[in-house]
Amino acid sequence: MSATTGEEHWLALRQRLDQLGRMKETADPDAVLAQRARQLAAPLQDEEQVARVELLVFELSGERYALSPYRVVEVVPLRQLTPVPCTPGYILGVVAVRGRLVSVLDLRQFFELPLRSLSERNSVILLSDGRMEFGLLCDTLCGTQELPLEQILPPLRHRHDSREGYLLGVTAEHWAILDAEVLLGDPRLVVNQQV
């Protein structure tokens, strides 16, 4: 990997997705196809020069998701989950991690995905940005993988997609790349009910 940081790669990804979105709105479909054909016909770049991004890949409700590992603190097995009364349904409960309680977000309910029962294979991906910290439930952790930046496409826009706004992009393999920054900054995920 080059001397650039992961944050710079994500900034480049956001800029590329914005550029692709603008092109999509204004471009003639035939011109877009011709441009893609020229790009595919061009000689391959040296592997060292291709910008790459690292992703943490996991499964949830039979779908693959990924996110930047730069906001991931650690991944722990789902053990001793304690439900918390009077919280939204997408707050699964809390787990104890090294002496502190961390809330666990169930993206299946938050994104209106099919629910499956919990098992010993479930894990919790702890996210933090220094101000906010919580865990994301995952069915199966698949590991980390590097992808060329140009293989990440802008997310498809659907009117009734509850994930809209939380996705950075999608891959050719149909992995949905979550934006950890947006999740960590979402005020709906702060449960601060006062008596």
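Where a number appears in this text, it was derived from the coordinates with a stated rule and is not lab data. What you see is a predicted model; the values in this text were computed from it and never measured. Don't worry about glycine lacking a Cβ; one is built from the backbone with ideal geometry, like all the others, and counts go over all protein chains shown.
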Here, the range 99-189 modelled as identical Cα point scatterers in vacuum has Debye log10 I(q)/I(0) at q = 0.17, 0.24, 0.26 Å⁻¹ of -0.89, -1.50, -1.53
Within the range 101-135, DSSP-loop trypsin sites (Lys or Arg not before Pro) with at most 13 other C-beta atoms within 10 Å are 116, 121, 131
Most packed first (mean Cβ within 10 Å per residue), the peptides 79-85, 132-138, 147-153 order as 132-138, 147-153, 79-85
The range 61-195: relative contact order from alpha carbon pairs under 8 Å, six or more residues apart, as a whole percent, is 25 percent
